[in-house]
Each structure stands twice: as structure tokens, then as C-alpha cells.
1. Restricting attention to the stretch 115-133, does a residue exist that is in a helix (DSSP H, G or I), crowded, with 16+ Cβ neighbours inside 10 Å and modelled with pLDDT under 85?
2. Do we have residue 88 as aromatic (Phe, Trp, Tyr) and in contact with a Ser or Thr (Cβ under 7 Å, 6 or more places away or on another chain) here?
3. With respect to residue 110, determine if the residue is among the small types (Gly, Ala, Ser), out of contact with any Asp or Glu (no Cβ under 7 Å at 6 or more places or on another chain), crowded, with 19+ Cβ neighbours inside 10 Å and without any contact (Cβ under 8 Å) to a residue 40 or more places away in the chain.
4. Please enumerate the residues belonging to the stretch 113-150 that are in contact (Cβ under 8 Å) with a residue 40 or more places away in the chain, closer than 18 Å to residue 82 by Cβ and out of contact with any Asp or Glu (no Cβ under 9 Å at 6 or more places or on another chain).
5. Considering only the stretch 12-38, how many residues are modelled with pLDDT of 70 or more and either assigned to a strand (DSSP E or B) or surrounded by 14 or more Cβ atoms within 10 Å (Cβ to Cβ) (or both)?
6. Could you list all residues from the stretch 57-95 that are within 13 Å of the chain's Cα centre (by Cα), assigned to a helix (DSSP H, G or I) and surrounded by 16 or more Cβ atoms within 10 Å (Cβ to Cβ)?
Amino acid sequence: MTFPNPWNRPGVQVQQPAGSPPSLTTVAPKPGVITVGRLKNLDNWRAFVHQLTPVIVTVLTTLAVTTDAQAALWASLVFAVLDPLLSYQHSHDKARQIAYGVLGLAQSGGLLAAVLLPTAPTLLPVAAAVVTIINSTLSRFYTPTSTMVPKVL
């Protein structure tokens, strides 16, 4: 006898039929973040990029603001463009696609303006980094990963 696959439904409990050994299977997410050891498929890699993007953009933006290094802003801009493109392409919800597009435009536009305008205020790349943090967090939250593991009780 086959049973439906409970992997994609968190918190689902599957009771075995009578006559089989008593066991209860619960599907629960692993705690924590995606580590290098969990990078086994493309969804996990995408989630990993979503996790790293706010850290990298924040560090590079801080470096650019404190040292006036244009190369750090260009590198931030690459991540600010890459992250929303990954999110938009894999989203099936129209509202989230619009949110990813608008937030991606705001973050990349802010960083690009900070790069191209020599008299741009310091607040501009900082605001773009904040928008990147919001967008990447939203993207990571909605990225399905293979961290769901069955537990047999």
C-alpha cells in the first residue's frame, strides 16, 4: 500500500493503517539557516544567495560609504540586481512578482545613482541597502528548500 508524500506539507502527520507497526511520521523543518552542507539542489543554492545578499550588500555599502570606494558600490549593485531577478523568475504569485520588481528597482536604482552621481547623499546607498535587506528577507522566506525531513515517532 502506498501513502501520499507528506514532504511538501509542514506539520502533516501520517498515521499508518491497522496491521502495520505503530508509527507516526511528522514532517518538520530543520532549524537554522542553509549551510554549505545542505546545498544539494538549485532551490537550496537560491536560498543561500538570498541569505548572503543582505550581508554582502550591507558590508560593501558600509565600505563604500566609509572609504568612498566606488568598486564596492559596483559590487553591491551586482547583488542588488541578481537577487530580485532570482526571486521574480521563481515566483508564482503576481503580487510578489510586483513587489520583487519594485523593490529590485528601488535598491538597484539607489545604488546606481550613488555610483553615477558624485554628489549623491550618503543616505542614498544606505537606503538602498535597507531595501535590499527587506527584499532578500522576503525572497528567502518564500524560497522552498529541501530542509524538510520526516521524523518517525
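The values are calculated or read from the model by the stated rules, or taken from the named source; none is laboratory data. The structure presented is a predicted model; accordingly, all values stated were derived computationally and were not measured. FYI the Cβ positions are ideal-geometry reconstructions off the backbone, even for glycines, and counts take in every protein chain you see.
1. Yes, because at least one residue in the stretch 115-133 is in a helix (DSSP H, G or I), crowded, with 16+ Cβ neighbours inside 10 Å and modelled with pLDDT under 85.
2. Numbers: aromatic (Phe, Trp, Tyr): yes; in contact with a Ser or Thr (Cβ under 7 Å, 6 or more places away or on another chain): no.
Answer is no for this residue.
3. Details: among the small types (Gly, Ala, Ser): yes; out of contact with any Asp or Glu (no Cβ under 7 Å at 6 or more places or on another chain): yes; crowded, with 19+ Cβ neighbours inside 10 Å: yes; without any contact (Cβ under 8 Å) to a residue 40 or more places away in the chain: yes.
For residue 110, the condition - among the small types (Gly, Ala, Ser), out of contact with any Asp or Glu (no Cβ under 7 Å at 6 or more places or on another chain), crowded, with 19+ Cβ neighbours inside 10 Å and without any contact (Cβ under 8 Å) to a residue 40 or more places away in the chain - is met.
4. Taking the stretch 113-150 and keeping what is in contact (Cβ under 8 Å) with a residue 40 or more places away in the chain, we get 114-115, 122, 125-126, 128-129, 132-133, 135-140, 142-150.
After this cut, where a residue has to be closer than 18 Å to residue 82 by Cβ as well, the list is 114-115, 125, 128-129, 132-133, 135-140, 142-143.
Scanning the stretch 113-150 gives 114, 115, 125, 128, 129, 133, 137, 138, 140.
5. Going residue by residue through the stretch 12-38, those that are modelled with pLDDT of 70 or more are 36-38.
Restricting the remaining residues to those that are either assigned to a strand (DSSP E or B) or surrounded by 14 or more Cβ atoms within 10 Å (Cβ to Cβ) (or both) gives 38.
The number of residues fulfilling the criteria is 1.
6. Matches in the stretch 57-95: 79, 80, 83, 84, 86, 87, 88, 90.
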